[in-house]
Every structure is written in structure tokens, then in C-alpha cells.
Amino acid sequence: MAELYRYRSALAKFALAALEATPLRGDPGVYMREGAAQAQMNLRGSPSDPRFSRAVERVLGCNLPTEANTVAQSETVRAMWLGPDEWLLLAPP
């Protein structure tokens with residue numbers, strides 16, 4: 001299968017690996033490191049609709065969080081509450 005998209009880090013131009021090897025003088029107070037690439041999806045629906053809730057639980061393996069600023073996760077997906085009917089889903093690429 002042809003590769004349609006090749007992931008390139010947004011931080012690649014900063015050569016962080018080289019910076020990590022450079023000793024620091026004193027404590028800079030700020031550290032930056034890159035996490036693994038993740039797929040991001042926006043999901044919208046009505047959590048009060050039982051059919052929607054059951055389908056989401058079956059597909060994601062967890063219930064969606066329904067309180068502000070909360071997160072739910074399964075083995076592979078993390079769901080973050082964005083609003084009463086909106087979630088950000090994070091998963092492996």
C-alpha cells in the first residue's frame with residue numbers, strides 16, 4: 001500500500017535531540033519534549049440519546065465523559081470533554 005502521508009514533527013526544525021545532549025548551565029525552569037504522534041478526531045452527539053451512547057461505548061471501549069474538564073479512556077482511545085455535546089478523541093495514528 002502506498003504511503004499517503006508521512007508524519008513529520010512540528011518540532012523537527014529545532015533539532016531537540018542535539019539540544020538534549022547539550023549540558024545546561026543552571027536550571028532553565030522550562031523543559032520541552034515531544035510526545036508520540038496521535039490521531040485527533042472531533043466527535044459530536046447527544047449523550048442523552050441511548051443509541052448514541054451505546055454505539056460510542058461499543059466502538060471506543062469507554063463511556064464519554066459528561067462533566068466539564070473530564071477525560072475518559074480505554075486501552076487505545078482518550079476522550080476529552082469539550083462541551084455538552086462535543087469531545088476530542090485521541091488515538092494512535
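Of all residues in the range 28-53, how many are in contact with a helix residue (DSSP H, G or I) (Cβ under 9 Å, 6 or more places away or on another chain) and open to solvent by 60 Å² or more (accessible area, probe 1.4 Å)?
Within the range 28-53, residues that are in contact with a helix residue (DSSP H, G or I) (Cβ under 9 Å, 6 or more places away or on another chain) and open to solvent by 60 Å² or more (accessible area, probe 1.4 Å) number 3.
Filter the range 42-93 for residues that are β-branched (V, I, T), farther than 30 Å from R8 by Cβ and in a helix (DSSP H, G or I) and give the result.
Listed by number, the list holds a single entry, V56.
Of all the residues that make up the range 60-93, how many are exposed (fewer than 11 other Cβ atoms within 10 Å of the Cβ) and among the hydrophobic types (A, V, I, L, M, F, W, C)?
1
The values are calculated or read from the model by the stated rules, or taken from the named source; none is laboratory data. Since this is a predicted model, take the numbers as computed values, not measurements. As a convention, Cβ positions derive from the backbone with ideal geometry for all residues, glycine included, and neighbour counts pool all protein chains shown. Just so you know, the surface numbers come from the protein's heavy atoms only, side chains and all, with ligands and any DNA or RNA stripped out. Shrake-Rupley method; radii C 1.70, N 1.55, O 1.52, S 1.80 Å.
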